[in-house]
1. Cβ under 14 Å from residue 12's Cβ, residue 12 left aside: what net charge do those residues give with Lys, Arg +1 and Asp, Glu -1?
2. Could you work out the relative contact order of region 2-200, using alpha carbon pairs under 8 angstrom and six or more residues apart, expressed as a whole percent?
3. Between residue 100 and residue 173, take the C-beta separation as r, use R0 = 41 Å, and let me know the FRET efficiency to the nearest 0.05.
4. Fully extended, how many nm does the chain gain between residue 2 and residue 15 (0.36 nm per residue separation, minus their Cα-Cα distance)?
5. At what distance in angstrom do the alpha carbon centres of region 1-21 and region 121-177 lie from each other?
6. Once you list every other residue whose beta carbon is under 10 Å from the beta carbon of residue 180, what net charge do they have if Lys and Arg are +1 and Asp and Glu are -1?
7. List the trypsin sites (Lys or Arg not before Pro) within region 86-175 that fall in a DSSP loop (any state other than H, G, I, E or B) and whose Cβ has at most 13 other Cβ atoms within 10 Å.
8. What is the sum of charges around residue 153, taking Lys and Arg as +1, Asp and Glu as -1, for the other residues whose C-beta is under 14 Å from the C-beta of residue 153?
Amino acid sequence: MERRRVTVAIAIALLVVAIDQFVKIWVKTHFFYGEAMPLIGDADKPFLLQLLFIENNGFAFGMEAFSKPLLSVFRIVASVLFVVYMLRMARAKVPIGYLITVAMVTAGTIGNTIDGVCYGVLFDDPQAYGVTARFLPPEGGYAPLLAGKVVDMIGVEWDWANWLPWVGGSRFRFAIFNVADAALSVGVAVLILFYSKYLSTPIKPEAQPEAQEAPSETPDDTQQPQP
């Protein structure tokens, strides 16, 4: 049972990271910077879901903080801690839903860590309009190790209903994000809404069944030897 839970947690985390990196690399090598492609709706429709290519230097959803190398080191440490915690939860008596959300948060952290640590040396950074990035260019990447940019590609915007106070009739443009951001945010939201008690309560590892000991053959003290 414990081995299966560990396998499930690792498989979910690896799947999310693989999807995140595949989409990022595909967009980076097929879209020029700023290019957008509508998936659902259009700019003049009430709802728009689009695929586009932008990059940022900071945290999830384009927020920025600290220097790039320092942020990358922070992400590496956070990723290691999340992996350790995920494996610990896989061996503990927690619901499978909690374990899945922890795996999603772990994968989201790892996904953006890969960008910040590796993308600067793996890709070039073309500035010309209509030119896409190249993987492993002969002249080298656009930044040293730990100084890469995070790729974002999912854009969502919609019109607020007219009857809503204050915002009615206005256009809302959500921050552009990636698959790792989505996994991280959904995982954190689910943890807070449904599994907050596990975040504040110490969790003990699942007890392992102990082998049955053979009954001892010591003589009964109540039986006195006959004279």
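Taken together, the values in this text are just the output of simple stated rules run on the coordinates, not laboratory data. Note that the structure is predicted; figures quoted are calculated from it, not measured. With ideal geometry, Cβ positions are generated from the backbone for all residues, glycine too; neighbour counts draw on all protein chains shown.
1. Values: positive: 4, 5; negative: 20.
Its environment carries a net charge of +1.
2. Normalised by residue count, the contact order of region 2-200 is 28 percent.
3. On the way: r = 31 Å, r/R0 = 0.74.
Here the calculated transfer efficiency is 0.85.
4. Numbers: separation 13, 0.36 × 13 = 4.68 nm, distance 2.00 nm.
The residue 2-residue 15 span can extend by a further 2.7 nm.
5. Centre-to-centre (Cα) distance: 27 Å.
6. Numbers: positive: 24; negative: 20, 115, 152, 181.
Summing Lys/Arg as +1 and Asp/Glu as -1 gives -3.
7. Working: sites: 88, 91, 93, 134, 149, 171, 173; in loops: 91, 93, 134, 149.
Answer by residue number: 93.
8. Numbers: positive: 24, 28, 149; negative: 20, 35, 55, 115, 152, 181.
Here the charged neighbours net out to -3.
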